[in-house]
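Below is one structure; the comments refer to it alone.
The values are calculated or read from the model by the stated rules, or taken from the named source; none is laboratory data. Everything numeric in this text was worked out from a predicted model, so none of it was measured. Backbone-built Cβ (ideal geometry, glycine too); neighbour counts: all protein chains shown. Areas reflect the complete protein model, heavy atoms only, side chains present, ligands, DNA and RNA absent. Shrake-Rupley method; radii C 1.70, N 1.55, O 1.52, S 1.80 Å.
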Amino acid sequence: MLSAFARAFQTPDLRKKLLFTLGIMVLFRLGAHIPVPGVDFVAVNQCLEKTPSGLFGLVNLFSGGALLQLTIFALGIMPYITASIILQLLTVVIPRLEALKKEGQAGTAKITQYTRYLTIALAVLQGTGIVATASSGALFSGCQYANQVVPDQSVFRIATMVITMTAGTTMVMWLGELITDRGIGNGMSILIFTSIASGFPGSMWAIKLSGKIGDGWVEFFSVIAIGVIVVILVIFVEQAQRRIPVQYAKRMIGRKAFGGTSTYIPLKVNQAGVIPVIFASSLLYIPALVAQLTNSQAGWATWIRDNFVRGDHPIYMATYFVLIVFFAFFYVAISFNPEEVADNMKKYGGFIPGIRAGRPTAEYLNYVLTRITWPGSLYLGLIALIPMIALVAFNANQNFPFGGTSVLIVVGVGLETVKQIESQLQQRNYEGFLR
C-alpha cells in the first residue's frame, strides 16, 4: 500500500489528484468545527464533557463528531447515504427506476440526480429533527446545560439553523463529487473515511486516560493489538470470494469463430458490505429515540430505557446480532438476482460446467450465495459486537475505534482506494506490445 502511494507521488498528474483530495479532506474537517449560528458553543462543550454520545453515536461517528458539536457539517454524509440506500431499494420495486438502471451511463446519471434531490429533502428533515431535539434539551439528556444549547428559539433562528445544516450537507455532497471527478475517486467513501479516522486518536487517548493498569498504557497497547488482529481479520474476509467458473461456447460468425473463453463470477463472502450494520443500528435507535423524545413513564418506555439504551446490555447485543444477520440476507437478496445473471449468461452462450443453462443455473447460484452469506453475516455480527464488548472490558465509549462500522468502512475504503491508485498507475505505465 505504501509503495503504491510512493509511486503515485512520483507521477505528476496522480500527485496533483492526491494533493487535491487531501485539500478537500482538510476543508471537510475544517467545516466540522464551525458551529451553526445560534448555538451556545460553551454549553455544547460542557455537555460533551459530561454526557456520552448515547443514541446519536452512529450519526455522530459518520459526521466525525460534528453532530453533537452542532456545526455546519453536523449532518455530514448521512443524508446522502440514506438517500442512496433508499434509491437502491426502490430500484427493485419501481419499474421506472429499474429501467433507468439498465440504460447505462445516462440512466445512472438520472438516478444520481434523484439521489441529490432526496438528499436535500432528507437533510431538511433530519436538520429539523436535530435542531428540535437540541432546543428541547433531549440531545444531551442528563446535562444541566442542555436547555442552554439553543438560547434563542424563535422561528427565524430555528429556520436559519436548519437551512445552514442543509447547506452544509449540500456542500459535503459537492466536495465528495469533486473528489470523484478531479481527485482519486470514491469521493463519498473517502469523506466517510475521513470522518471516522478523525475520531481514532481521541478514542485511543480516552482509553489510556480511563485505564488503571500501568497508568493506562497496558489498556492502550492492548487495544492496539486487538485493532491489528481485527483489521487483519476484516481484510481477510473482505477479500474472500467464491469464484463460480463460467465457460462461453464458440460461435461462428461468417468464417470466424468468437467466444470459447473461460471466466468466473466472483461472489464475495461479505456481499452486503457494511449496509446490514447501518440498517440494524438505525432500527434499534427508533424505539429508544421515541422513548426519549416522548419522555413517557409507561412500562414499555421504562423497559426500552433499561434494555435498549445501554449498548452493553445482553438483550440489546442479542437483538443487534440477529438484526445484522437478517439484514445481510435481505440486502443480498435484493442486490443480487440469480435469475437475471442466469438469463444473461444464457443469452450470450455462457454456462457453468456441469450445470444446465437457465433455471438450474439460477438455483445453483442461489444455493452458493446462501451458503457463503451465512459466514459473511455471522462475521458482520461479531465485528459489530466488538465495541459493545469493549464497553465492559476497557470502559470505552460507544465509538470504540477498532470495531463495528468504523473498521469495516476504514478498511473497505482503504482497500478500494489502493486498488484505484494501482489501476491508474497501471494505465500510465502499461507498455503492452511496445516492449
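Quick look at the values:
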{"item": "GNM flexibility winner over the chain from 242, 182, 356 (Cα, springs under 10 Å)", "result": "356"}
{"item": "Restraint check, 268/419; 110/346; 268/346, Cα-Cα greater than 24 Å", "result": "110/346"}
{"item": "Base-10 log of normalised Debye intensity for region 181-252 (one unit scatterer per alpha-carbon) at q = 0.12, 0.14, 0.20 Å⁻¹", "result": "-0.60, -0.72, -0.98"}
{"item": "Equivalent ellipsoid dimensions for region 339-385 as semi-axes, Å, which come from the Cα gyration tensor, largest first", "result": "30, 10, 7"}
{"item": "Estimated distance in nm for a label pair at residue 20 and residue 153, the labels positioned 7 Å out from Cα along Cα-to-Cβ", "result": "4.7"}
{"item": "Sites excluded, GluC sites (Glu not before Pro) in DSSP loops with at most 16 other C-beta within 10 Å, longest stretch of the chain", "result": "104-430"}
{"item": "Radius, Kirkwood style, for the chain when every pair of distinct Cα atoms is counted (Å)", "result": "24.2"}
{"item": "Placed amide H near residue 244: partners under 5 Å, 5+ positions off or other chain", "result": "265, 267"}
{"item": "Helical contribution to [θ] at 222 nm, DSSP H n ≥ 4, -39,500 (n - 2.57), averaged over the chain, rounded to 500", "result": "-23000 deg cm²/dmol"}
{"item": "Approximate spin-label separation residue 261-residue 243, in nm, with each point projected 7 Å along Cα-to-Cβ", "result": "1.5"}
{"item": "Gaussian network model of the chain, springs between alpha carbon atoms under 10 Å - residue of 135, 210, 423 with greatest fluctuation", "result": "423"}
{"item": "Axial C-alpha extent at least 30 Å, average Kyte-Doolittle at least -1.0 - helices from the chain (DSSP)", "result": "105-136, 155-182, 217-239, 314-335, 359-393, 404-429"}
{"item": "Accessible area of region 9-117 divided out per residue, in Å², using a probe of 1.4 angstrom", "result": "48"}
